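*Asks:* Attaching a single structure in structure tokens format; questions to follow.
The values are calculated or read from the model by the stated rules, or taken from the named source; none is laboratory data. Bear in mind that the values here come from a model prediction, so they are computed numbers and not experimental data. Cβ: placed from backbone, ideal geometry, glycine included. Neighbour counts: every protein chain shown.
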Amino acid sequence: MKIKRKKIKPDGLELVEKIVTINRVAKVVKGGRRFSFNALAVIGDGLGHVGVGFGKANEVPNAIDKSKEDAKKNIYKVHVHKNTIPHVVIGKFKSAKVILKPAAPGTGIIAGASVRAVLERAGINDVLTKAQGSRNPVNLVKATIDGLLQLRSLKEASELREIPLNKLWE
């Protein structure tokens, strides 16, 4: 099921950036190889706002700047419940699959580097994760974002199912 979320403008947010990966790529031309770089950046305020950006350029600093600008254009609000996530969710992107599970306070972020970067920037402190399929950092980051965008609050879930909240607790 595709989830559509509204993008948020970065105005007024204190954003912290993290460069997840920098990759050198080569194009073979008549005179030899022509190298360029791409960078993946994650940006967030630690209060439920997180964004991901990808930039390409002939120089590393330019690629990093482009990825940060792209991340600022792609900021989303995710649901955080007591420093963890409200429920188990599976995010998918291409052949990468990331399983996110809520954890007890004090557990920490049990995740690989690329998934950890996204969760830290989103403000999630206690979560268990498992990456399956592709281990490509770009695919893992996008799968993590897909999972975070699937999160629902209790109020949203009750509205989707058309069940009043007071009936859930009877």
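*Asks:* Taking only pairs six or more apart or across chains, which ones have beta-carbon atoms under 8 Å, a first residue in region 59-81 that is under 14 Å from Asn23 (Cα atoms), and a second residue that is β-branched (Val, Ile, Thr)?
*Replies:* Listed by first residue and then by second, the contacts come to Val60/Ile22; Ala63/Ile22; Ile64/Ile19; Ile64/Ile22; Ser67/Ile19.
*Asks:* Which residue pairs have Cβ atoms under 8 Å apart, sit 6 or more places apart or on different chains, and have a first residue in region 148-165 that is more than 22 Å from Gly51 (Cα to Cα) and a second that is among the hydroxyl-bearing types (Ser, Thr, Tyr) and surrounded by 11 or more Cβ atoms within 10 Å (Cβ to Cβ)?
*Replies:* Pro164/Ser158; Leu165/Ser158
*Asks:* Considering only region 15-58, state which residues are without any contact (Cβ under 8 Å) to a residue 60 or more places away in the chain, among the β-branched types (Val, Ile, Thr) and in contact with a strand residue (DSSP E or B) (Cβ under 9 Å, 6 or more places away or on another chain).
*Replies:* Result: Ile19, Ile22, Val25, Val28.
*Asks:* Which of (1) at pLDDT 95 or above; (2) assigned by TED's automatic domain parsing to the domain that holds Gln150 does Pro102 not meet, given it meets every other one?
*Replies:* (1)
*Asks:* Turning to a different aspect of this structure: Mind checking whether some residue in region 150-160 is assigned to a helix (DSSP H, G or I), in the same structural domain as Lys92 (by TED's automatic domain parsing) and under 14 Å from the mean Cα position of the chain (by Cα)?
*Replies:* No, region 150-160 has no match at all.
*Asks:* Does region 29-40 contain at least one residue that is among the aliphatic types (A, V, I, L, M), in a strand (DSSP E or B), touching a Phe, Trp or Tyr at 6+ places or on another chain (Cβ under 6 Å) and closer than 20 Å to Pro137 by Cβ?
*Replies:* yes
*Asks:* Out of region 98-132, which residues are within 19 Å of Val42 (Cβ to Cβ) and among the basic types (Lys, Arg)?
*Replies:* Scanning region 98-132 gives Arg116, Arg121.
*Asks:* Test Gly51 against the stated conditions and say whether it is assigned to a loop (DSSP other than H, G, I, E, B) and closer than 21 Å to Lys6 by Cβ.
*Replies:* Against the criterion (assigned to a loop (DSSP other than H, G, I, E, B) and closer than 21 Å to Lys6 by Cβ), Gly51 does not qualify.
*Asks:* Please enumerate the residues belonging to region 89-136 that are free of Cβ contacts under 8 Å to residues at least 24 places away in the same chain and either in contact with a Lys or Arg (Cβ under 6 Å, 6 or more places away or on another chain) or of a type in the set (S, T, N, Q) (or both).
*Replies:* Once the filter is applied, which keeps residues that are free of Cβ contacts under 8 Å to residues at least 24 places away in the same chain and either in contact with a Lys or Arg (Cβ under 6 Å, 6 or more places away or on another chain) or of a type in the set (S, T, N, Q) (or both), region 89-136 yields Thr107, Ile109.
*Asks:* Would you check which residues across region 38-59 are of a type in the set (A, V, I, L, M, F, W, C) and either in contact with an Asp or Glu (Cβ under 7 Å, 6 or more places away or on another chain) or under 13 Å from Ala117 (Cα atoms) (or both) and list them?
*Replies:* Step one: list which residues in region 38-59 are of a type in the set (A, V, I, L, M, F, W, C), which gives 39-43, 47, 50, 52, 54, 57.
Leu40, Ala41, Val42, Ile43, Val50, Val52, Phe54, listed by residue number.
*Asks:* Separate question: Out of all the residues in region 88-104, is one or more in contact with an Asp or Glu (Cβ under 7 Å, 6 or more places away or on another chain), part of a loop (DSSP other than H, G, I, E, B) and either on the phi > 0 side of the Ramachandran plot or crowded, with 18+ Cβ neighbours inside 10 Å (or both)?
*Replies:* yes
*Asks:* Do you know which residues across region 57-82 are loosely packed, with under 15 Cβ neighbours inside 10 Å and on the phi < 0 side of the Ramachandran plot?
*Replies:* Correct list: Asn58, Glu59, Pro61, Glu69, Lys73, His81.
*Asks:* Now a separate question. Which one is farthest from Gly51 (Cα to Cα) among residues in region 105-144 that are of a type in the set (Ser, Thr, Tyr) and outside any strand (DSSP E or B)?
*Replies:* We begin by selecting, within region 105-144, every residue of a type in the set (Ser, Thr, Tyr); these are 107, 114, 129, 134, 144.
Still in the list and also outside any strand (DSSP E or B): 107, 114, 134, 144.
Working: Thr107: 24, Ser114: 13, Ser134: 21, Thr144: 11 Å.
So, considering only residues that are of a type in the set (Ser, Thr, Tyr) and outside any strand (DSSP E or B), the one farthest from Gly51 (Cα to Cα) is Thr107.
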